[in-house]
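Written below as structure tokens is the structure these notes are about.
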Amino acid sequence: MMRSVLSLALVVLLLFPMFSQASGHALFNSAEETIGDRRIQIATDPEIPEVNKKVKVLLRVTDLKLNEVPRFTMGMRIFYNDQQVDGIPPQTIDSGHWSMDYVFKRQGNHIFRIDLYDDSAKVRSFTFNISTQSPFGYIFIYVIASGAFGAAIIFGYIYLPKRIKKITKR
């Protein structure tokens, strides 16, 4: 008994350093594309936008070494079913980051075409897909989580009494 407790403690202590650092994950609705010497990264917050709710669209423009550019000029066109539904005229941004609030009106895949203008007025068009979800989509996540939680309770109800009996008999 004492040996198994010590073994468990040793395993826990050895695993502990693995959890000492955290790193970000790629967002669900994020993408990046490189054309020429510019790279654009796009993401949404929240990761899975809902229809008729405000979403923050985040852009980051870098060079090939992933250093943010100090200034860029860009415009944006937003398409749904090959029809342009929104757009932002070209504007100059004085940092490598830009964000905007946006409300998606329809569920499905939206195409964001970002036009990046360089100093010689050459246009590079970057294309990104952003998917939206209806408010009912989260119900499926909750159902799956509830099922896993229920299975854990049933497993514990069946397994733990046997384990406790075994320990108390010794």
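Of Lys105, Lys169, the residue with the largest accessible area leads and the full order is Lys169, Lys105 (1.4 Å probe).
Computing the accessible area with a 1.4 Å probe over protein heavy atoms, can you report the carbon and sulfur percentage for the stretch 29-170? The C+S portion of the solvent-accessible surface of the stretch 29-170 is 57 percent. Taking all protein chains together and a 1.4 Å probe, the residues Val57, Val85, Val143 rank Val143, Val85, Val57 from largest to smallest accessible area. Over all other residues within a Cβ to Cβ distance under 11 Å of Gly87, the charged ones net out to 0, with Lys and Arg as +1 and Asp and Glu as -1. Cross-link partners for Lys56 among the lysines, with Cα-Cα distance under 19 Å and sequence neighbours closer than 8 places in the same chain left out: Lys105. Counting only residues at least eight positions apart within a chain, or on another chain, the aspartates and glutamates with an alpha carbon under 12 Å from that of Lys54 are Asp45, Asp101.
The values are calculated or read from the model by the stated rules, or taken from the named source; none is laboratory data. Every value quoted in this text rests on a predicted model; they were computed, and no experiment measured them. A quick note on method: Cβ atoms are made from the backbone with ideal geometry, for glycine too, and the neighbour counts reach across all protein chains shown. Calculation scope for accessible area: heavy atoms of the full protein, side chains included, ligands and nucleic acids excluded. Shrake-Rupley method; radii C 1.70, N 1.55, O 1.52, S 1.80 Å.
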